[in-house]
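Derivation of every value follows stated rules applied to the coordinates shown; laboratory data play no part. All of these numbers come straight from a predicted model, not from anything done at the bench. Neighbour counts run over all protein chains shown; Cβ positions are idealised from the backbone, glycine included.
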Amino acid sequence: MRQLGSWLARVGVGFVRACVVTVVSLLVPAVWAAAVALGIWWGAGNPWSWVAPFVLVCVGTLALSRPVCRMVRFLVARWTTSVIPAGYRQAPPVTQLSTGYWWNGFSYERTSRDALLDQRWRVRWIDPANWRDLRFTAVAPLTAGVVASLPPVGAAAAVLGLSQPAPFARLVGAVGLVVAFTTAPYAWRFVEPVAVRFLRPTPAMALADRVDELTAQRADATVAQAAEIRRIERDLHDGAQARLVSLGLSLATAEKLMETNPAQAKALMREARAGATASLTELRDLVRGINPPVLNDRGLVDAVRALALDSPLETDVSADLRLRLDPPIESALYFGVAELLTNAVKHAQATRARISIARDTTTTTTIVVDVEDDGRGGAGERADGGLAGLRRRLTAFDGTVEITSPAGGPTRVRMMVPCESL
Amino acid sequence: MRIVVAEDLYLLRDGMVRLLEAYGHEVVATATTGAETLQALLRHRPDVAVVDVRMPPTQSDEGLRAALAARRELPGLPVLILSQYVEQLYARELLADGSGGIGYFLKDSVFDADQFIDALERVAAGGTAMDPAVIAKLLSSGSSNRRLERLTERERSVLGLMAEGLSNHAIGQRLFLSDSAISKYTTSLFGKLGITDDDNNNRRVLAVLAYLNNP
């Protein structure tokens, strides 16, 4: 009984889905059919009667192709596990120039509304995805549409046939009923492979997206690097360099005073020694900020263990000890962990933290670093904040950051970097 | 004392040899790579060795590895590690075998030659000498150490100075306390840490180990 119930439910759901697929895939053919009907109705004798249907077909097909594709993508994502990336071209941001005009990536406009309107049409018009969408609207009715129309057509035949007294019509009606019931749970499913095959972004579109992504990453990396170099220069200039100059001064003065006032000379020498120690400390901190020595000596795992030892938090580190990654990735992850531990101490008032470093169990070519603290949570990402910086650092390696930090804690951050060398 | 100096930078090595000889010690060998260091340590069995952490050919922690390998062959071989930076991780690795005779200092410590030679002699005698930077970090993360929580503030500072390698007398001078007060504190902190050995020197090493090794 239960089996019958679930089968009926599947038939019902399948029937509705088949109808939806049929309607969506037949939208464009319906426009064409309407145009043909219009041409016939207008009169075959009139030499200009083809103009209106022609315009209708062109405008209708172009205007409907993208909504139809969007709908199919949405339905496939909702009913199945396939997610098909849209791959439409994204509009660049509209910016106001110092002249007061607006630049939208194509032309200058007087107002931002004009700029946006102009941009929308241009982007829409030159998008290579248009061709893919048009192709799909041609393919869909002949493949998924035909298959999906079996249940509704069968049902229609059943209704029409069984209401007639003639035995032949009744036979046709019965066959239609059987066809509708047996195909309903399966007929809509054909839309998925068709959509996956014909709607995914073409290699050219995927490449264009990738180029955009890489351009943005390169810009980010260059900005971050320049900022880092400026910081190093400033630290050297204000710190160690100035101290060394004063050290030289002290020594020169001491040399001069050696004969006349040995006591003061001695005091100056002592001062110079203290200055040398201080500048060494500064240089050491600077080096640690650029490339921590343990990271260089031992790699990520030991460097993170050393970091945990130095942290005021009670920190557990669990790690796959055989991991050895490319130095730039190790460095990015190390500074990520350092940033997160600092945040946990400074902002979250945490007392313990857990760090795990491992490779992803499913793919094994991704390195996953989890940092969890018992703080008060509520960590947010600000544009110039540490977390955004961390994301930028990892984006350069196609890495990702997932942050879950509900108010009240705990904060969990997962950093993932794909790494072919693993 | 017979000393081996392992340091890859010529200026530093030469300066250190001159300094040691000025204080009347004998430098029996110098080494510039990790492999040479290990060889020199095993062949000469010096009274104490001064070893740099970072050395060729890898320019990573070759010196430290050589020192650890030599101490596996010759347990208790006194080694003073001099490095451009101090890492708790390395300090713990050095102390892990529990046999003492270990020092770990920043290279700047040679600026104060008297203290440096003093630390070297303590290490040669089987004691420990840790850089204040290591101790300071331990104190800042000491809240996680449950055994140390039982110590009073005063006992903890005595233990800290003991870890740096100072004698009771020197600790008393630093804290402006009498020698007898210091020995009272040391006895009570040995008790709290559960260290009962009678040999005074070894007890000090064990106390410092308890301090450094407890996670």
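Couplings 3J(HN,Hα) for the range B:28-34, derived from phi with the Karplus relation 6.51 cos²θ - 1.76 cosθ + 1.60 (θ = phi - 60°), are 7, 7, 10, 9, 10, 10, x Hz, where x marks Gly and Pro. Taking all Cα pairs closer than 8 Å and separated by 6 or more residues, the relative contact order of the range A:1-77 comes to 35 percent. Listed by chain and number, the lysines whose alpha-carbon sits under 26 Å from that of residue A:346, ignoring those within fewer than 8 places in the same chain, are B:137. Compute the Cα gyration tensor for the range A:1-128, then decide on rounded, prolate or oblate, letting a ≥ b ≥ c be the square roots of its eigenvalues: rounded whenever a/c is under 1.5, prolate when a/b is larger than b/c in the other cases, and oblate in all that remain. It comes out oblate by the Cα gyration axes.
Candidate cross-link partners of residue A:256 among the lysines, defined by an alpha-carbon separation under 23 Å and a same-chain spacing of 8 or more, comprise A:266.
The value of relative contact order for chain A, using C-alpha pairs under 8 Å at least six residues apart, is 11 percent. In chain A, taking the dipole from charged Cβ atoms about the Cα centre, the farthest positive-side position among A:394, A:309, A:103 is held by A:103. Using alpha carbons only, the radius of gyration of the range A:22-93 set against its Kirkwood radius gives Rg/Rh = 1.17. Contact order, relative form, for the range A:132-289: 18 percent (alpha carbon pairs under 8 Å, 6 or more residues apart, mean separation divided by residue count).
For the range B:35-51, putting each phi into the Karplus relation 6.51 cos²θ - 1.76 cosθ + 1.60 with θ = phi - 60° gives couplings of 5, 4, 4, 4, 4, 4, 5, 6, 6, 8, 6, x, 5, 7, 10, 10, 10 Hz, in residue order, rounded to whole numbers and with x for Gly and Pro.
Please list log₁₀ I(q)/I(0) at q = 0.14, 0.29, 0.30 Å⁻¹ for the range A:114-165, using the Debye equation with identical point scatterers on the alpha-carbon positions. At q = 0.14, 0.29, 0.30 Å⁻¹ the computed log10 ratios are -0.61, -0.99, -1.01. Global size of chain A: 34.7, 135 Å for Rg and Dmax (C-alpha atoms, Rg to one decimal, Dmax whole).
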